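Only one structure is covered here, and it is reproduced in the block below.
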Amino acid sequence: MRLITVILLSALLPLCLSHGWDPLAWLFHRHGQAQQVGFLRADTVGGACPDECDCPPTFPIAMYCDGRGLTTVPSIPSHIKYLYLQNNAISAVPDAALVNATSLVWLMLHHNQLTSDAIGKEAFLKLVGLERLFLHHNNLTSVPPNLPRSLRDLRLDHNRIEKVIPTDLEGMDNLTILHLHGNEVTDMTTSLKALKSLTLLDISNNKLIKVPDALPEHLHQFYMEFNSIDSLPEDFLGGLAQLQYIRMSHNLLKDKGIPSNTFNVTGLVELDLSFNKLERIPTVSSTLQHLYLQANQIKEFSLGSFCSVVDVTNFSKLQTLRLDGNEISQEDIPSESALCLRLASSIQI
(Lines give C-alpha, C1' and ligand atoms only; values in the text may rest on other atoms or scores of the structure.)
Protein backbone atom coordinates (compact mmCIF):
# COMPACT_ATOMS: atom_id res chain seq x y z
CA MET A 1 0.00 0.00 0.00
CA ARG A 2 2.83 2.38 0.92
CA LEU A 3 4.50 1.64 -2.43
CA ILE A 4 1.30 2.49 -4.33
CA THR A 5 0.98 5.78 -2.41
CA VAL A 6 4.57 6.73 -3.20
CA ILE A 7 4.07 5.94 -6.90
CA LEU A 8 0.90 8.07 -7.03
CA LEU A 9 2.58 11.02 -5.32
CA SER A 10 5.59 10.69 -7.57
CA ALA A 11 3.34 10.79 -10.60
CA LEU A 12 1.40 13.79 -9.32
CA LEU A 13 4.35 15.84 -8.10
CA PRO A 14 5.72 16.98 -11.51
CA LEU A 15 2.22 17.96 -12.60
CA CYS A 16 1.62 19.85 -9.35
CA LEU A 17 4.93 21.68 -9.48
CA SER A 18 4.42 22.62 -13.11
CA HIS A 19 1.19 24.36 -12.09
CA GLY A 20 2.75 25.98 -9.04
CA TRP A 21 0.67 24.39 -6.24
CA ASP A 22 1.28 21.97 -3.38
CA PRO A 23 -1.01 18.88 -3.55
CA LEU A 24 -1.08 18.68 0.27
CA ALA A 25 -1.63 22.38 0.96
CA TRP A 26 -5.34 21.82 1.78
CA LEU A 27 -4.31 19.85 4.89
CA PHE A 28 -2.69 22.90 6.49
CA HIS A 29 -4.58 25.93 5.16
CA ARG A 30 -8.38 25.69 5.47
CA HIS A 31 -9.18 29.22 4.27
CA GLY A 32 -7.74 31.12 1.35
CA GLN A 33 -5.07 28.75 0.06
CA ALA A 34 -7.37 25.72 0.00
CA GLN A 35 -9.67 27.55 -2.35
CA GLN A 36 -6.85 27.80 -4.89
CA VAL A 37 -6.20 24.08 -5.11
CA GLY A 38 -7.31 22.74 -8.52
CA PHE A 39 -10.02 20.11 -8.06
CA LEU A 40 -10.31 21.00 -4.33
CA ARG A 41 -11.14 24.63 -5.05
CA ALA A 42 -14.19 25.92 -3.16
CA ASP A 43 -16.93 27.58 -5.15
CA THR A 44 -16.48 31.34 -4.79
CA VAL A 45 -19.22 32.39 -7.16
CA GLY A 46 -21.31 34.99 -5.35
CA GLY A 47 -18.60 35.95 -2.87
CA ALA A 48 -15.63 34.48 -1.00
CA CYS A 49 -15.78 32.79 2.37
CA PRO A 50 -15.12 35.32 5.19
CA ASP A 51 -11.90 34.77 7.13
CA GLU A 52 -13.71 34.16 10.42
CA CYS A 53 -15.62 31.17 9.00
CA ASP A 54 -14.86 27.86 7.30
CA CYS A 55 -16.21 26.86 3.89
CA PRO A 56 -14.91 23.33 3.24
CA PRO A 57 -13.92 22.68 -0.40
CA THR A 58 -15.55 19.27 -0.09
CA PHE A 59 -18.87 20.88 0.89
CA PRO A 60 -18.77 24.33 -0.72
CA ILE A 61 -22.43 25.18 -0.11
CA ALA A 62 -21.92 25.15 3.69
CA MET A 63 -20.43 27.90 5.83
CA TYR A 64 -19.34 27.13 9.40
CA CYS A 65 -19.13 30.16 11.69
CA ASP A 66 -20.23 28.48 14.93
CA GLY A 67 -18.44 29.13 18.21
CA ARG A 68 -16.20 31.90 16.85
CA GLY A 69 -17.10 34.67 19.30
CA LEU A 70 -18.90 36.62 16.57
CA THR A 71 -21.00 39.62 17.55
CA THR A 72 -22.40 40.36 14.08
CA VAL A 73 -23.56 38.30 11.12
CA PRO A 74 -20.63 37.95 8.66
CA SER A 75 -20.82 38.48 4.92
CA ILE A 76 -22.53 35.51 3.28
CA PRO A 77 -21.77 34.37 -0.29
CA SER A 78 -24.92 34.00 -2.35
CA HIS A 79 -24.33 30.30 -3.12
CA ILE A 80 -24.33 29.22 0.55
CA LYS A 81 -27.24 26.93 1.48
CA TYR A 82 -26.27 25.80 4.98
CA LEU A 83 -25.20 28.50 7.44
CA TYR A 84 -24.04 27.68 10.97
CA LEU A 85 -23.89 30.71 13.29
CA GLN A 86 -24.79 29.08 16.59
CA ASN A 87 -22.88 29.49 19.88
CA ASN A 88 -21.77 33.06 19.27
CA ALA A 89 -22.63 36.46 20.76
CA ILE A 90 -24.64 37.83 17.83
CA SER A 91 -27.12 40.38 19.13
CA ALA A 92 -28.83 41.61 15.95
CA VAL A 93 -29.96 40.59 12.47
CA PRO A 94 -30.56 43.85 10.58
CA ASP A 95 -32.49 43.92 7.31
CA ALA A 96 -29.30 43.95 5.24
CA ALA A 97 -27.57 41.07 7.04
CA LEU A 98 -29.05 38.29 4.90
CA VAL A 99 -29.86 40.23 1.74
CA ASN A 100 -27.23 38.29 -0.26
CA ALA A 101 -28.10 34.90 1.27
CA THR A 102 -31.00 34.09 -1.02
CA SER A 103 -30.01 30.41 -1.43
CA LEU A 104 -30.19 29.51 2.25
CA VAL A 105 -31.95 26.26 3.17
CA TRP A 106 -30.70 25.96 6.78
CA LEU A 107 -29.98 28.89 9.10
CA MET A 108 -28.65 28.07 12.57
CA LEU A 109 -28.73 31.06 14.94
CA HIS A 110 -29.36 29.29 18.24
CA HIS A 111 -27.40 30.07 21.41
CA ASN A 112 -26.78 33.73 20.63
CA GLN A 113 -27.95 37.01 22.21
CA LEU A 114 -30.69 38.02 19.79
CA THR A 115 -33.50 40.28 20.94
CA SER A 116 -36.76 40.89 19.10
CA ASP A 117 -36.09 44.61 18.71
CA ALA A 118 -32.78 43.89 16.99
CA ILE A 119 -34.23 41.68 14.25
CA GLY A 120 -35.22 43.69 11.19
CA LYS A 121 -38.78 43.42 9.90
CA GLU A 122 -37.42 42.30 6.54
CA ALA A 123 -34.42 40.32 7.80
CA PHE A 124 -35.81 36.94 6.69
CA LEU A 125 -38.13 38.17 3.96
CA LYS A 126 -35.99 37.20 0.95
CA LEU A 127 -35.08 33.71 2.16
CA VAL A 128 -37.76 32.13 0.00
CA GLY A 129 -36.19 28.63 0.08
CA LEU A 130 -35.41 28.47 3.81
CA GLU A 131 -36.60 25.20 5.36
CA ARG A 132 -34.95 25.10 8.78
CA LEU A 133 -34.56 28.07 11.13
CA PHE A 134 -33.10 27.57 14.60
CA LEU A 135 -33.49 30.55 16.96
CA HIS A 136 -33.67 28.74 20.29
CA HIS A 137 -31.74 29.91 23.35
CA ASN A 138 -31.83 33.64 22.58
CA ASN A 139 -33.64 36.59 24.20
CA LEU A 140 -36.64 36.93 21.91
CA THR A 141 -39.90 38.25 23.36
CA SER A 142 -41.97 37.70 20.21
CA VAL A 143 -41.94 35.62 17.05
CA PRO A 144 -39.82 37.40 14.39
CA PRO A 145 -41.90 39.05 11.65
CA ASN A 146 -42.15 37.97 8.01
CA LEU A 147 -40.76 34.48 8.45
CA PRO A 148 -40.40 32.53 5.18
CA ARG A 149 -43.46 30.52 4.24
CA SER A 150 -41.14 27.77 3.02
CA LEU A 151 -40.15 26.82 6.60
CA ARG A 152 -40.51 23.18 7.63
CA ASP A 153 -38.74 23.25 10.99
CA LEU A 154 -38.93 26.30 13.29
CA ARG A 155 -37.31 26.27 16.72
CA LEU A 156 -38.05 29.17 19.05
CA ASP A 157 -37.71 27.37 22.36
CA HIS A 158 -35.92 28.79 25.39
CA ASN A 159 -36.62 32.44 24.70
CA ARG A 160 -38.96 34.86 26.49
CA ILE A 161 -41.89 34.84 24.08
CA GLU A 162 -45.14 35.78 25.81
CA LYS A 163 -47.74 35.53 23.06
CA VAL A 164 -48.20 33.95 19.64
CA ILE A 165 -50.73 35.61 17.34
CA PRO A 166 -52.17 34.35 14.02
CA THR A 167 -50.09 36.68 11.85
CA ASP A 168 -46.87 35.24 13.34
CA LEU A 169 -47.39 31.90 11.58
CA GLU A 170 -49.63 32.97 8.72
CA GLY A 171 -49.14 31.13 5.43
CA MET A 172 -46.76 28.49 6.80
CA ASP A 173 -48.39 25.58 5.00
CA ASN A 174 -45.14 23.57 4.93
CA LEU A 175 -44.25 23.78 8.62
CA THR A 176 -44.07 20.30 10.17
CA ILE A 177 -42.07 20.95 13.39
CA LEU A 178 -42.64 23.83 15.84
CA HIS A 179 -40.70 24.10 19.09
CA LEU A 180 -41.94 26.77 21.50
CA HIS A 181 -41.11 25.14 24.82
CA GLY A 182 -39.30 27.01 27.56
CA ASN A 183 -40.93 30.39 26.91
CA GLU A 184 -43.50 32.50 28.79
CA VAL A 185 -46.46 32.00 26.48
CA THR A 186 -49.83 32.65 28.12
CA ASP A 187 -52.01 32.69 25.01
CA MET A 188 -51.80 31.30 21.48
CA THR A 189 -55.30 32.35 20.30
CA THR A 190 -55.97 30.59 16.95
CA SER A 191 -52.40 30.97 15.66
CA LEU A 192 -52.01 27.22 15.00
CA LYS A 193 -55.03 26.92 12.76
CA ALA A 194 -53.17 27.71 9.54
CA LEU A 195 -50.42 25.11 10.09
CA LYS A 196 -51.88 22.46 7.79
CA SER A 197 -48.76 20.24 7.74
CA LEU A 198 -47.72 20.45 11.41
CA THR A 199 -46.91 17.02 12.91
CA LEU A 200 -44.90 17.95 16.04
CA LEU A 201 -45.86 20.72 18.46
CA ASP A 202 -43.96 21.33 21.69
CA ILE A 203 -45.41 24.05 23.92
CA SER A 204 -44.23 22.61 27.23
CA ASN A 205 -42.71 24.77 29.96
CA ASN A 206 -44.85 27.83 29.35
CA LYS A 207 -47.61 29.65 31.26
CA LEU A 208 -50.65 28.28 29.46
CA ILE A 209 -53.87 27.78 31.41
CA LYS A 210 -55.76 26.09 28.56
CA VAL A 211 -55.13 23.98 25.47
CA PRO A 212 -54.68 26.15 22.34
CA ASP A 213 -57.68 26.44 20.05
CA ALA A 214 -57.88 24.98 16.54
CA LEU A 215 -55.12 22.37 16.71
CA PRO A 216 -53.69 21.23 13.34
CA GLU A 217 -55.42 18.08 12.11
CA HIS A 218 -52.23 16.25 11.08
CA LEU A 219 -50.62 16.53 14.53
CA HIS A 220 -48.68 13.40 15.45
CA GLN A 221 -46.82 14.47 18.63
CA PHE A 222 -48.21 17.02 21.11
CA TYR A 223 -46.22 18.07 24.18
CA MET A 224 -47.81 20.36 26.82
CA GLU A 225 -46.10 19.37 30.06
CA PHE A 226 -45.15 21.95 32.74
CA ASN A 227 -48.01 24.38 32.22
CA SER A 228 -51.02 25.33 34.37
CA ILE A 229 -53.78 23.59 32.40
CA ASP A 230 -56.61 22.35 34.67
CA SER A 231 -59.13 21.10 32.10
CA LEU A 232 -59.52 19.88 28.54
CA PRO A 233 -62.10 21.04 25.98
CA GLU A 234 -64.97 18.86 24.77
CA ASP A 235 -64.00 16.68 21.81
CA PHE A 236 -60.35 17.51 22.50
CA LEU A 237 -59.07 14.77 20.17
CA GLY A 238 -62.03 14.65 17.82
CA GLY A 239 -60.27 16.06 14.78
CA LEU A 240 -56.81 14.64 15.51
CA ALA A 241 -56.97 11.21 13.92
CA GLN A 242 -53.18 10.98 13.46
CA LEU A 243 -52.19 11.95 17.01
CA GLN A 244 -50.13 9.21 18.70
CA TYR A 245 -48.21 10.90 21.53
CA ILE A 246 -49.64 13.25 24.18
CA ARG A 247 -47.61 14.49 27.12
CA MET A 248 -49.41 16.59 29.73
CA SER A 249 -47.44 15.87 32.88
CA HIS A 250 -46.90 18.57 35.50
CA ASN A 251 -50.18 20.41 34.96
CA LEU A 252 -53.25 20.95 37.19
CA LEU A 253 -55.65 18.44 35.62
CA LYS A 254 -58.53 17.16 37.75
CA ASP A 255 -61.15 14.50 37.02
CA LYS A 256 -63.93 17.03 36.51
CA GLY A 257 -61.80 18.85 33.94
CA ILE A 258 -61.53 15.81 31.64
CA PRO A 259 -64.71 15.02 29.66
CA SER A 260 -65.66 11.33 29.64
CA ASN A 261 -63.97 9.19 26.98
CA THR A 262 -61.58 12.00 26.04
CA PHE A 263 -58.72 9.50 25.69
CA ASN A 264 -60.80 6.57 24.47
CA VAL A 265 -59.67 7.07 20.89
CA THR A 266 -57.90 4.60 18.63
CA GLY A 267 -54.48 5.52 17.31
CA LEU A 268 -53.10 6.90 20.57
CA VAL A 269 -49.85 5.13 21.49
CA GLU A 270 -48.54 7.06 24.51
CA LEU A 271 -50.36 9.18 27.10
CA ASP A 272 -48.53 10.94 29.93
CA LEU A 273 -50.76 12.47 32.62
CA SER A 274 -48.30 12.13 35.48
CA PHE A 275 -47.89 14.81 38.15
CA ASN A 276 -51.44 16.13 37.99
CA LYS A 277 -54.38 16.00 40.43
CA LEU A 278 -56.37 13.06 39.13
CA GLU A 279 -58.26 10.83 41.58
CA ARG A 280 -59.42 8.25 39.06
CA ILE A 281 -57.85 6.43 36.13
CA PRO A 282 -59.38 7.96 32.99
CA THR A 283 -60.92 5.65 30.41
CA VAL A 284 -58.43 4.93 27.64
CA SER A 285 -58.57 3.08 24.35
CA SER A 286 -57.71 -0.62 24.32
CA THR A 287 -55.07 0.21 21.68
CA LEU A 288 -53.06 2.48 23.99
CA GLN A 289 -49.57 1.05 24.67
CA HIS A 290 -48.01 3.34 27.31
CA LEU A 291 -49.83 5.14 30.14
CA TYR A 292 -48.11 7.28 32.75
CA LEU A 293 -50.20 8.30 35.78
CA GLN A 294 -47.60 8.48 38.53
CA ALA A 295 -47.72 11.21 41.19
CA ASN A 296 -51.48 11.87 41.07
CA GLN A 297 -54.10 11.30 43.80
CA ILE A 298 -55.63 8.10 42.40
CA LYS A 299 -57.46 6.12 45.08
CA GLU A 300 -58.64 2.98 43.23
CA PHE A 301 -57.59 0.63 40.45
CA SER A 302 -60.55 0.67 38.05
CA LEU A 303 -60.16 -2.18 35.56
CA GLY A 304 -63.00 -0.76 33.47
CA SER A 305 -60.73 2.13 32.51
CA PHE A 306 -58.78 -0.32 30.38
CA CYS A 307 -61.23 -3.07 29.37
CA SER A 308 -64.99 -2.87 28.91
CA VAL A 309 -65.02 -6.50 27.73
CA VAL A 310 -62.42 -9.18 28.33
CA ASP A 311 -62.18 -12.34 26.21
CA VAL A 312 -59.78 -14.04 23.80
CA THR A 313 -59.86 -11.21 21.26
CA ASN A 314 -60.77 -8.25 23.49
CA PHE A 315 -58.06 -7.06 25.84
CA SER A 316 -55.88 -4.01 26.42
CA LYS A 317 -52.73 -3.57 24.34
CA LEU A 318 -51.15 -1.67 27.23
CA GLN A 319 -47.47 -2.51 27.73
CA THR A 320 -46.43 0.10 30.30
CA LEU A 321 -48.54 1.34 33.22
CA ARG A 322 -47.16 3.61 35.92
CA LEU A 323 -49.28 4.29 39.00
CA ASP A 324 -46.56 4.83 41.58
CA GLY A 325 -46.88 7.86 43.83
CA ASN A 326 -50.67 7.52 44.16
CA GLU A 327 -52.93 6.37 47.00
CA ILE A 328 -53.18 2.71 45.98
CA SER A 329 -51.05 -0.37 46.62
CA GLN A 330 -50.34 -3.70 44.96
CA GLU A 331 -53.23 -5.27 46.87
CA ASP A 332 -55.69 -2.97 45.09
CA ILE A 333 -55.05 -4.60 41.70
CA PRO A 334 -57.90 -7.09 41.02
CA SER A 335 -56.94 -10.64 40.06
CA GLU A 336 -58.77 -10.46 36.71
CA SER A 337 -56.41 -7.69 35.60
CA ALA A 338 -54.05 -10.43 34.36
CA LEU A 339 -56.54 -11.15 31.56
CA CYS A 340 -57.26 -7.52 30.71
CA LEU A 341 -53.64 -6.34 30.88
CA ARG A 342 -52.06 -9.52 29.54
CA LEU A 343 -49.48 -7.62 27.44
CA ALA A 344 -48.31 -5.33 30.24
CA SER A 345 -44.66 -6.01 30.91
CA SER A 346 -44.46 -3.33 33.58
CA ILE A 347 -47.07 -2.17 36.13
CA GLN A 348 -45.61 0.09 38.78
CA ILE A 349 -47.69 0.81 41.87
statement: Within the range 250-274, residues touching a residue at least 40 places away in the same chain (Cβ under 8 Å) and open to solvent by 10 Å² or more (accessible area, probe 1.4 Å) come out as Asp272
field: Residue that is least open to solvent (accessible area, probe 1.4 Å) [pool: residues in the range 331-349 that are over 22 Å from Val269 (Cα atoms) and without any contact (Cβ under 8 Å) to a residue 12 or more places away in the chain]
entry: Ser335
field: Those residues of the range 289-301 which are more than 19 Å from Arg247 (Cβ to Cβ) and open to solvent by less than 30 Å² (accessible area, probe 1.4 Å), in sequence order
entry: Phe301
statement: Among strands (runs of 3 or more DSSP E) entirely within the range 172-263, at least 2 residues that are of a type in the set (A, V, I, L, M, F, W, C) and more than 27 Å from Ser305 (Cα to Cα) occur in 177-179, 200-202
message: Going residue by residue through the range 159-181, is there one that turns out to be without any contact (Cβ under 8 Å) to a residue 40 or more places away in the chain, in contact with a helix residue (DSSP H, G or I) (Cβ under 7 Å, 6 or more places away or on another chain) and of a type outside the set (A, V, I, L, M)?
response: no
- line: All conditions in (1) surrounded by 19 or more Cβ atoms within 10 Å (Cβ to Cβ); (2) over 19 Å from the mean Cα position of the chain (by Cα); (3) over 21 Å from Leu104 (Cα atoms) are true of Leu180 except (2)
- request: Identify the residue in the range 152-171 that is modelled with pLDDT under 95 and part of a loop (DSSP other than H, G, I, E, B) and, among all such residues, is least open to solvent (accessible area, probe 1.4 Å).
  value: Gly171
field: Matching residues in the range 305-324 - criterion: being open to solvent by 60 Å² or more (accessible area, probe 1.4 Å), in contact with a strand residue (DSSP E or B) (Cβ under 9 Å, 6 or more places away or on another chain) and part of a loop (DSSP other than H, G, I, E, B)
entry: Gln319
- prompt: Among (1) assigned to a loop (DSSP other than H, G, I, E, B); (2) of a type outside the set (Ser, Thr, Tyr); (3) open to solvent by 40 Å² or more (accessible area, probe 1.4 Å); (4) farther than 17 Å from Ser249 by Cβ, which single condition is Ile328 missing?
  reply: (3)
query: How about the range 174-191: which of its residues are at negative phi and at pLDDT 95 or above?
result: Asn174, Leu175, Thr176, Ile177, Leu178, His179, Leu180, His181, Asn183, Glu184, Val185, Thr186
Any chance Thr320 is among the polar types (S, T, N, Q), under 36 Å from the mean Cα position of the chain (by Cα) and at negative phi: yes
- prompt: When the range 201-243 is examined, which residues are found to be in contact with a His (Cβ under 9 Å, 6 or more places away or on another chain) and buried (at least 16 other Cβ atoms within 10 Å of the Cβ)?
  reply: Leu201, Asp202, Ile203, Ser204, Asn205, Asn206, Tyr223, Glu225, Phe226, Asn227, Leu240, Leu243
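The values are calculated or read from the model by the stated rules, or taken from the named source; none is laboratory data. Note that the structure is predicted; figures quoted are calculated from it, not measured. Note: ideal-geometry Cβ built from the backbone for every residue, glycine included; neighbour counts use all protein chains shown. Accessible surface areas use protein heavy atoms only, side chains included; no ligands, DNA or RNA. Shrake-Rupley method; radii C 1.70, N 1.55, O 1.52, S 1.80 Å.
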